[in-house]
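Data first, discussion second: the structure below is written as structure tokens.
The values are calculated or read from the model by the stated rules, or taken from the named source; none is laboratory data. Here the structure is a predicted model, which is why all the values come from computation and not from measurement. We place every Cβ from the backbone using ideal geometry, glycine too, and count neighbours over all the protein chains shown. Only protein heavy atoms, including side chains, enter the accessible area calculation; ligands, DNA and RNA are left aside. Shrake-Rupley method; radii C 1.70, N 1.55, O 1.52, S 1.80 Å.
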Amino acid sequence: MAQLGDTLTGGSPYALGAGIDPGSPPRFQTMTASVASRRVKLPADLSQFATEWKLSPKSLLSVNPKTEKSLKAGDPQTYILHLSPASTSGRNLCPGAGNCAKICLHFAGNPVYMAGKGAARIRRSQAFSANPQAFLEVLALAIIDKRSPQPPGDKMAVRLNGTSDVKWEEIPFLVTFELSQYIARKYSYCAEPRLYSSILEFFMHNFPTSIQFYDYTKVHRNWDECSRLNYHLTVSYDGEDNAANLKLCRVALLRRLNIAAAFNLKRGQSLPQSVSAFGLNLPSAYTRTGGVLPVVDGDLSDYRPNDPKGGVIVGLRFKLPHGAPWSDTEKAAFCIA
């Protein structure tokens, strides 16, 4: 079976949209084409959706200074989808948000660009809410568009929750014959048209080795399913007064997942090598090192799949967005140390 990323060569009536019995059940056939045309129109319905919401596969994903730091550290280039956090779009896309809602990095950056950036993220979020299937189609094309110019052996990374916490693994994704044809003609890639359990399964099935998905999360997931789908998750600590988050952190650590947590440090200060288990009542076998958890520096790179496995604290130095009104007491409560 051809995989997504296989260059199409030779000739096939499937690639040209002919020779398929429209009454037969959908099934995958190897797609080949003598020439992959770059000037290909989106399927009409998808084009209408993208135009209505001002979405483009070329610009839906972005990079930021931290993902650029990852690249300099030798990790894969990461592309991020930024939606509008918490309830700022009219729908809560961060159901586990607590203390972090007030200081979300969504509000960080040059104030000059804040209005335009916020409006774009709200528009994307509302488009996603209005038509999840069409949004997933544009998103899949955006990921393929970033992947297509890279050498076949290179790996890239994708964060679907740059400023949101959506359970992407639970949203079914239908790849129509028309979308599969568009991918073949536009990018010379094979993509099996069928119903996938999620966009993550689509890429795992068609592109199993070249794209790594990862995110931070504050909601309970089907951890085994996410692992199966090549979706690396790091649970985020939200402060000592968020009981639901403390429970989630305990569950994550017992499953040997890692916890990302902010440290209240001045610029240039080093992170500690370990931190106490902060009242999570972990079994003695887990804290056999004296009731402490090892800390790794999460500011060196944003690429979390390379972190040590086995339940460590990914330390991030506390960063207050421009103009965010936070007292020292609030900062101390949010930070792990």
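Over the range 106-254, with every protein chain in place, what whole percent of the accessible area is carbon and sulfur at 1.4 Å, could you tell me?
Values: 2980 of 5360 Å².
The nonpolar share, carbon plus sulfur, comes to 56 percent.
Take the Cβ-Cβ distance between residue 194 and residue 251 as r, set R0 to 30 Å, and report the resulting FRET efficiency rounded to the nearest 0.05.
On the way: r = 33 Å, r/R0 = 1.11.
Here the calculated transfer efficiency is 0.35.
Using a basic spin-label model with each label point 7 Å from the Cα along Cα→Cβ, how many nm lie between residue 92 and residue 41?
Each label point lies 7 Å from its Cα, and together they span 4.4 nm.
Return the subset of 58/218; 54/186; 69/247; 72/146; 218/319 for which the Cα-Cα distance in this structure is over 24 Å, preserving the input order.
Numbers: 58/218 29 Å; 54/186 20 Å; 69/247 32 Å; 72/146 18 Å; 218/319 19 Å.
In this structure, 58/218; 69/247 lie more than 24 Å apart at Cα.
Sorting check: for 133-139, 246-252, which peptide has the highest mean count of neighbouring beta carbons within 10 Å, and how do the rest follow? Each step should come with its number before you reach the end.
Working: 133-139: 21.3, 246-252: 19.1.
In descending order of packing, they fall as 133-139, 246-252.
Report the relative contact order of the range 227-268, percent, no decimals, based on alpha-carbon pairs under 8 angstrom and at least 6 residues apart.
About 40 percent, as a whole number.
Name the long-range amide H neighbours of residue 98: under 5 Å, sequence gap of 5 or more, or other chain; modelled H, no Pro or chain starts.
none
Between the range 139-188 and the range 208-255, what is the separation of their alpha carbon centroids in Å?
For the range 139-188 versus the range 208-255, the Cα centre distance is 22 Å.
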